[in-house]
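Below is one structure, written out as structure tokens; comments come after it.
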Amino acid sequence: MKIVILDGYTLNPGDLSWDELKKLGEVVIYDRTSDDDVVERAQGAEIVLTNKTPLGEHALNHLPSLKYIGVLATGYNIINTEVAKAKGITVSNVPGYGTASVVQMTFALLLELCLHVQRHSDSVREGKWARSADFCFWDYPLIELANKTIGIIGFGSIGQQVANVATAFGMKIIGNSRHRTDQSHRQNFKWAEVPELLEQSDVVSIHCPLSPATKGLINKESLKTMKKSSFLLNTSRGPIIVDEDLADALNNEFIAGAGIDVLSVEPPSKDNPLFTAKNCIITPHIAWATKEARARLMDIAANNLREFIAGNAVNVVNK
């Protein structure tokens, strides 16, 4: 059985092992694959694994041997799942592997916005503390999270874990989700639609999937409804926010700051307006990428394939 991995470097730049997958067939690994090379590289493969390399209608129509696509991620919008289903190709994803890491990054961004740890460290190294007339100094406002309200758009497994940590900080929670589960165990919690959540939250954190309904959800109009003192966090998918509109909101001080791990186009162009926006922290889509999370991803992906071969496909997204 031929197994082709189209873009293995992101998942495994060399610190993990492909051995479990190699036990299941002949594995060919490419670090990266351009759209134009997909058909050539995947030709003859029954199994294709991909992280961000798209498999659209054209590719699927030209890969007659293909039986299974394993997405090395949770989001699977890079696959034309309808065409795959029509051709009898099973598509599986890897849910849940990065929850702890994404939650950790969410609060890393938020705490940096609140306390400016790196900026203050830089100020100390520049000699400002040594020159201070007082025993301490601060160049930026310091903000406490206790009694603030965090609005969480997307209250699935990640959103709920964000709520748990926020509760530990003493925050109030507003949740938004397509499916409202029982949250009666939470104090200081309520459900709300997105407009109310944006208006009432001191922090808005995005954890919903990208879909036609969520693309551009945070835009010029919605940003103007947020508190001028509020922060916006996005560790989900870049196109949920309109980059230009967020840059304008920050530069015009409609909101106080943003911490984002994703952008609408990745890698971004050099002139992305958020690169020069006020009080905007940007990390390069790494919330998922701790070694521990990537190792879980690898294990689940291998098990997905193992189960498919055994005739018991799991985590299928195109049933």
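Readers should treat all values here as calculations from the given coordinates under stated rules, not as data from a laboratory. Keep in mind the model is a prediction, meaning the values are calculated, not measured. Cβ: placed from backbone, ideal geometry, glycine included. Neighbour counts: every protein chain shown.
Side notes on the structure shown:
- In the chain, the calculated helix contribution to ellipticity at 222 nm averages -8500 deg cm²/dmol per residue, counting -39,500 (n - 2.57) for every DSSP H run with n ≥ 4.
- Amide hydrogen neighbours beyond the local backbone of Gly216, cut-off 5 Å, H modeled: Ile240, Ile241
- Gyration tensor verdict on region 99-282 (Cα atoms; rounded if a/c is under 1.5, prolate if a/b is larger than b/c, oblate otherwise): oblate
- Kirkwood-based Rg to Rh ratio, region 73-144, C-alpha trace: 1.40
- Gap separating the Cα centres of region 172-208 and region 109-125, nearest whole Å: 28 Å
- Amide H partners (placed H, <5 Å) of Val91, local residues excluded: Ile69, Val317, Asn318
- Helix runs (DSSP H) in the chain reaching 18 Å along axis by Cα, Kyte-Doolittle at least 1.0: 99-115
- Working from the Cα coordinates of region 13-72, the gyration tensor eigenvalues give, after taking √(5λ), semi-axes of 20, 14, 9 Å in decreasing order.
- Overall form of region 1-113 per C-alpha gyration tensor (a/c, 1.5; a/b vs b/c): prolate
- Net charge of neighbours whose Cβ lies under 15 Å from the Cβ of Ser121, counting Lys and Arg as +1 and Asp and Glu as -1: -1
- Here is the P(r) of the chain: all C-alpha pair distances, binned every 20 Å from 0, give 29, 51, 18, 1 in whole percents.
- Out of every Cα-Cα pair that region 182-319 contains, those further apart than 20 angstrom amount to 56 percent.
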